[in-house]
């Protein structure tokens with residue numbers, strides 16, 4: 001409906017709003033033209049500055065930099081010019097690769113690689129004679145390449161080298177795989193996925209807002225703020241990348257989060273603005289009151305999400321740390337965009353906010369839209385309050401069942417299978433796994449920096465023999481020759497001199513070829529067994545499997561600290577809003593139950609491979625990426641607590657006014673149901689768009705967050721919250737007398 005000026009005669013006018021946010025709103029209204037110009041200039045500058053952000057982001061970052069495996073890799077690179085290969089080239093021929101013509105071409109190809117300034121080492125079947133680098137049918141061979149510098153430099157080097165090395169090369173057809181080409185293809189694929197997600201999320205979000213508001217003008221405002229927030233997000237990521245490493249996936253994750261939150265925050269403010277117009281306020285006063293009330297909600301919401309994201313800072317991997325920094329910056333940006341842009345725009349639009357009400361008839365029939373306030377949410381919550389044990393128990397049982405698969409969750413690190421099956425790096429890696437089972441493409445690297453292989457060859461031989469006896473060891477290569485099953489099976493080969501290079505401090509290293517895959521439980525046990533072998537000097541064990549062991553250990557040690565950060569900050573925040581010790585505790589328990597159910601569903605789909613059609617095609621590896629559940633938990637916990645704060649503040653407001661717990665719960669959920677539902681649908685839609693990614697990690701994260709938000713907005717908020725509050729009655733609001741006095745002085749009260 002169209003809002004008219006208030007002409008109620010003797011009806012008292014609402015009091016004029018006051019406060020700092022009110023003063024900000026009035027200042028923005030007075031200077032709205034400069035505000036529009038500044039926003040336009042900021043948007044253009046952010047778009048230009050952030051347009052090339054993908055090229056400045058980093059792949060990887062999933063392992064701790066101070067772990068034993070990371071130190072081993074650094075020592076291998078710095079002292080020996082060796083280590084796990086950054087790039088694996090698959091050379092396929094029509095004839096056996098050991099015939100004269102392919103052999104000559106293979107040696108020339110390897111030497112051409114060695115001549116590149118960015119190449120640290122290049123070893124192939126033709127230069128080493130290693131039969132594991134030749135396929136079982138004899139028509140393919142591998143070239144293992146180490147690239148100079150850290151992960152970013154190796155990726156950039158691969159971007160330069162791969163176009164000139166792949167395709168038809170003499171008698172060979174060459175394809176590239178390995179970490180460096182993988183990161184290059186991840187970068188390109190993530191940009192494609194980001195564009196697709198934005199094209200899906202923006203129109204769907206507009207439809208949701210159109211259904212919630214009815215007015216096309218009102219629906220467009222949150223989308224406008226969301227677009228500005230996305231442009232600002234890209235600029236923030238670009239700026240961060242100048243000072244620290246930022247994960248490649250931050251671009252997809254934070255733009256989705258920034259857009260969703262900016263739309264949500266704008267939704268709160270625009271909704272309140274329309275309510276104030278309906279109460280009879282003039283345009284300027286309605287804008288000021290909207291910022292004073294809904295603006296405070298936005299600020300506390302941003303604080304809630306930021307505190308939850310801050311918990312990721314305790315984990316010693318830059319994938320999570322960079323997402324925490326970027327996420328916090330984006331939350332602040334989304335809140336600032338809503339608070340600074342909307343007052344000026346609303347003042348310009350005025351009462352035309354309800355123009356183009358194309359869904360007026362439908363909107364009047366939507367849940368919660370009845371003029372007596374007794375729509376769908378009133379009906380649902382009233383029913384739950386009549387049967388809290390039956391309905392609450394049924395939903396709790398359902399969530400527990402959904403959570404059960406999480407009990408057998410298995411975790412690993414990302415590999416080439418994160419890419420779609422049609423990508424060249426993924427296809428080459430599949431061929432290597434199938435046709436080169438003994439190749440040292442993912443070896444365990446054992447570094448002995450204090451052992452001179454010339455003087456202590458006997459000790460080195462004994463150690464290599466003991467390592468070869470460890471269950472799961474296929475072969476051990478080093479300066480003492482090749483060992484398998486406790487016996488030396490080959491003398492030192494042509495490449496063995498590299499193992500004994502002592503030009504910068506001496507020492508040597510061994511390459512242990514494992515039988516199990518590096519991303520497996522057997523691979524982890526193999527690494528632990530290698531580390532338990534008595535070494536003749538100080539030793540560091542690295543490689544992909546060791547990186548997985550170190551990462552899981554480091555993350556596991558920090559999980560209690562992250563949980564403490566989230567629990568304490570959210571408990572304090574909810575206490576300041578509710579004045580109760582019971583309400584925060586119950587909210588935390590319900591959130592954990594809800595998120596665990598979402599995690600269980602993700603294990604069922606992404607680890608076990610069931611119901612894959614729901615999320616699109618991907619390769620399930622029998623594992624989840626070890627960092628993703630932590631990221632999901634922190635983001636989803638912040639979003640769910642955000643809605644809990646908004647809901648509980650309205651319930652407490654009514655409880656203080658009436659003293660009736662049942663009435664307060666029904667009132668609070670009924671009067672926030674439609675708004676929070678629309679906000680949750682927006683975030684779930686944005687995250688579901690992220691799940692359309694061709695990268696399985698983003699697909700997992702998007703689907704998991706969308707499910708978590710929807711479960712929280714429906715089953716938890718609609719059924720478990722009212723059922724629990726009904727059963728506890730007045731106990732909901734209990735707190736010791738000293739804490740009640742503290743809340744009276746320092747509590748936060750949503751206006």
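Values in this text are rule-based calculations from the coordinates and carry no lab data. Note that the coordinates shown come from a computational prediction; the quantities given were computed from them, not determined experimentally. Positions of Cβ are backbone-derived with ideal geometry, glycine not excepted, and every protein chain shown enters the neighbour counts.
Before moving on, here are some points about what is shown:
- Degrees, to the nearest 10: 151-165 long Cα axis against longest axis of the chain: 60 degrees
- Antiparallel DSSP beta bridges within the chain, percent to nearest 5: 95 percent
- Temperature 25 °C, viscosity 0.890 mPa s: under these conditions the Stokes-Einstein estimate for region 86-177, based on its Kirkwood radius over C-alpha pairs, is 187 µm² per second.
- Inter-part distance where region 20-56 and region 626-648 are each reduced to a Cα centre, Å: 28 Å
- Pair residue 563, residue 211: separation of 7 Å Cα→Cβ label points (nm): 3.8 nm
- Per-peptide average of other Cβ atoms within 10 Å, ordering 265-275, 231-241 highest first: 265-275, 231-241
- Extension gain, residue 515 to residue 139, is 133.1 nm, computed as 0.36 nm per intervening residue step minus the present C-alpha separation.
- Distance between modelled label sites at residue 196 and residue 408, nm, 7 Å Cα→Cβ extension: 3.1 nm
- Packing-based ranking, highest mean first, of 38-47, 575-584 given that Cβ atoms within 10 Å are counted: 575-584, 38-47
- Highest to lowest packing among 381-388, 552-559, scored as the average C-beta count within 10 Å: 381-388, 552-559
- Read-out Cα Rg over 2.2 N^0.38 Å, derived from the coordinates shown; its label in [x] 1.11; [y] 0.94; [z] 1.01: [x]
- Taking Cα atoms only, the orientation of helix 32-50 departs from the longest principal axis of the chain by about 10 degrees.
- Pairwise centroid distance, computed over Cα atoms, of region 277-306 with region 542-607, Å: 31 Å
- Comparing Cα centroids, region 671-725 and region 425-465 end up 46 angstrom apart.
- Extending 7 Å from Cα along the Cβ direction at residue 522 and again at residue 389 yields two label points whose distance is 5.2 nm.
- In degrees, nearest ten, helix 737-746 long axis to first principal axis of the chain (Cα): 90 degrees
- Efficiency of FRET between residue 356 and residue 660 - r from beta-carbon atoms, R0 41 angstrom, step 0.05: 0.50
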